[in-house]
1. Amide H to amide H, which residues 5 or more places from A:Thr349 or on other chains are under 5 Å from it, using H placed in the peptide plane?
2. Which of A:Val212, A:Val156, A:Ala183 sits closest to the plus end of the dipole of the stretch A:149-263, meaning its Cα is farthest towards the positive end, when Lys and Arg get +1 and Asp and Glu get -1 on the C-beta?
3. What is the dipole size for the stretch A:10-96, taken about its Cα centre, with +1 at each Lys and Arg Cβ and -1 at each Asp and Glu Cβ, in debye to the nearest 20?
4. Through the Karplus equation 6.51 cos²θ - 1.76 cosθ + 1.60, θ set to phi - 60°, convert the phi angles of the stretch A:344-355 into ³J(HN,Hα) values in whole Hz; use x for Gly and Pro.
5. Per 5 Å bin from zero, what fraction in whole % of the C-alpha pairs of the stretch A:314-384 is there, up to the bin with the longest pair?
6. Sequence gap at least 6, Cα distance under 8 Å: using those rules, report the relative contact order of the stretch A:295-354 to the nearest whole percent.
7. Could you list the trypsin sites (Lys or Arg not before Pro) in the stretch A:313-366 that lie in coil according to DSSP, counting only those with at most 10 other Cβ atoms within 10 Å of their Cβ?
8. What number do you get for the stretch A:10-96 when its Cα radius of gyration is normalised by 2.2 N^0.38 Å, N = residues?
Amino acid sequence: MGTAKADENFSFIFNTRAIRARPGDTIAAAMFRSGIRIFTRSFKNHRPRGLFCMTGKCPNCLMNVDGVPNVRVCTAQARPGMEVKYQNAFPSLDFDLLAAVQKFSWLMPVGWYYKTFTRRGVWTAVEPWIRKAAGLAEPPPTIDRIADRFPHYEHVNVHAGVAVVGGGPAGLSTALDAAADNASVTLIDNQPALGGRLRYTPSEEANLPELVGRIQAQDNIEVLSLSNCFGLYEGNLLGVFRPRTTPDTTEQLIHVRAKRVIVATGVYEAPLLFENNDLVGVMLSSAVERLIGLHGIAPGRRAALIGGGATAERLASRLREAGIEVAATVPLGQVVGATGSGSVNGLQTKDSRIACDLIVVCGHLVPDAGLLHQTGAKLKWDEAKGAFLAGELPANVTAVGDVEQRQPKSRQHHGQRLRDLYSGGCRPAGVSRESRSPHSRRRESGLPRRTRRESRQVRLGPQDDVFRNGPGGARQNRLERD
Amino acid sequence: MSFLITCPECGERSVYEFRFGGEVLRRPQPGAPTEDWFRYSYVRRNEMGVQAEWWYHRLGCRRWLQALRDTKTNHVVRAYFPGESEEKENEPLGHGKG
């Protein structure tokens with residue numbers, strides 16, 4: 001991805017500046033390569049925020065793209081000539097006057113404004129200013145202005161035998177299984193290319209080009225790339241939104257009606273709690289891996305890792321390969337907080353202070369079960385399997401892969417994994433996972449087994465375990481609720 | 001509300017093509033007591049489970065049909081034209097288990 005020829009490069013406009021981008025870049029990746037580190041200002045205190053998740057799960061990169069407010073530029077694909085503008089900062093992102101609000105944050109607890117400005121007339125006078133200061137974005141002047149830029153929206157109906165949501169290893173192999181059963185398969189993936197984490201994490205257990213080649217060779221698999229599946233409704237109806245990616249295409253709302261729905265949405269990484277965990281330069285490990293593996297960007301020069309066990313070891317070697325010096329790997333229990341004003345300049349531990357410009361957080365992996373929750377399913381902690389499993393699912397809806405979260409065998413095992421995170425201890429031997437796949441054909445057909453998440457050993461148990469063991473005094477929460 | 005109804009005339013269609021016509025109730029005989037007519041007109045069983053319902057395929061064949069629908073899951077067991085099935089009509093409340 002990162003080795004495109006120079007003549008394929010293009011540029012788009014970020015406020016007044018031209019940003020060079022390579023094919024396959026997301027907007028945020030191209031901007032990061034051009035040296036932009038601050039992407040937004042926080043909602044209330046206007047703290048600077050940089051790239052954090054790179055997967056569209058956090059609010060750190062909301063920008064106005066071609067007149068559409070609050071676009072997550074970490075996942076939106078860059079297009080030649082597009083106009084990107086920052087939001088909620090004055091006079092500029094790097095120097096925001098409203099950041100002075102931070103100095104008075106002790107005066108402004110949650111809801112201070114409507115408890116303070118109670119006199120008649122005062123509220124009407126200050127409300128517009130508060131709204132302006134604490135807003136996210138200005139709405140577009142009229143909806144017609146957007147319609148001018150995007151003259152066509154399409155509503156498409158797709159009927160499928162099997163709809164597979166998620167183009168990762170689990171989704172790909174399930175789609176192949178279903179196609180081998182002569183079902184007409186629609187594979188919905190929100191990434192520009194199939195493969196899920198295999199695209200940026202090397203794996204010995206699966207051969208991605210071979211897998212993708214087999215998918216493409218199947219006539220009865222239709223792939224919807226860059227398509228966000230936002231809803232799973234009764235009657236196996238999937239709502240899919242496909243944004244406009246090239247000048248020739250239109251924004252599409254796709255209704256996929258399937259006889260059978262297979263949810264293979266995998267996991268996402270959740271942040272860890274420590275002081276100043278929102279500074280620019282604190283990133284999730286998956287974000288760092290994406291920047292390195294997909295875009296060929298080294299996100300820092302000297303990194304400190306928070307976490308332990310095999311994840312951290314693997315990540316450290318990955319960082320070194322990318323030319324980043326790994327200053328230290330610190331278990332979460334040792335972390336006091338990140339230091340720096342605006343961006344990270346070090347990591348304070350209980351013993352010492354580590355100078356670094358990048359803090360990589362190996363966060364908890366949480367099943368991405370939003371679609372399953374929409375069907376009314378609840379994730380339940382399965383004591384025997386030591387994992388979160390989706391409860392009752394409607395007929396013809398199945399969950400496969402990491403979204404099912406079957407990993408450690410027992411609670412003790414799980415506890416061991418959590419201790420890894422906090423103490424940096426060794427990871428217990430890997431546990432084979434039982435296959436609850438609806439298709440048992442996989443092994444006979446010589447397909448790769450669903451990739452075991454060897455390296456991602458941290459599993460989140462009941463949440464309070466984490467918070468009880470967590471470092472005290474982590475006051476700065478990542479999401480300001482106000 | 002995104003389930004499908006298999007219209008006997010048109011096949012599997014989205015529920016948005018149909019108009020709901022209420023529970024299927026047995027009409028009292030002419031001259032039946034006022035009580036029966038009152039129940040037929042105003043009292044509903046509001047079944048939790050499978051019940052027979054009237055549906056009008058307004059954006060299709062424009063015929064009235066009956067469907068057996070599970071009100072808990074919106075699963076439509078079967079749809080048929082009235083009289084073409086051995087399915088019994090719901091007893092008005094007060095006559096059956098009510």
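1. A:Val336, A:Ile354
2. Checked the options; the winner is A:Val156.
3. 220 debye
4. Result, rounded to whole Hz: 5, 10, x, 10, 8, 10, 5, 9, 8, 10, 9, 7.
5. 3, 12, 17, 15, 13, 8, 9, 12, 8, 1
6. Relative contact order for the stretch A:295-354 comes out at 30 percent.
7. Here the trypsin sites (Lys or Arg not before Pro) that fit, given the DSSP loop and packing criteria, are A:Lys350.
8. Details: Rg = 11.7 Å, N = 87, 2.2 N^0.38 = 12.0 Å.
Relative to the 2.2 N^0.38 Å estimate, the stretch A:10-96 comes out at 0.98.
Throughout, read-outs are computed from the coordinates displayed, never taken from laboratory work. Bear in mind that the values here come from a model prediction, so they are computed numbers and not experimental data. Note that each Cβ is placed from the backbone with ideal geometry, even for glycine, and that neighbours are counted across all protein chains shown.
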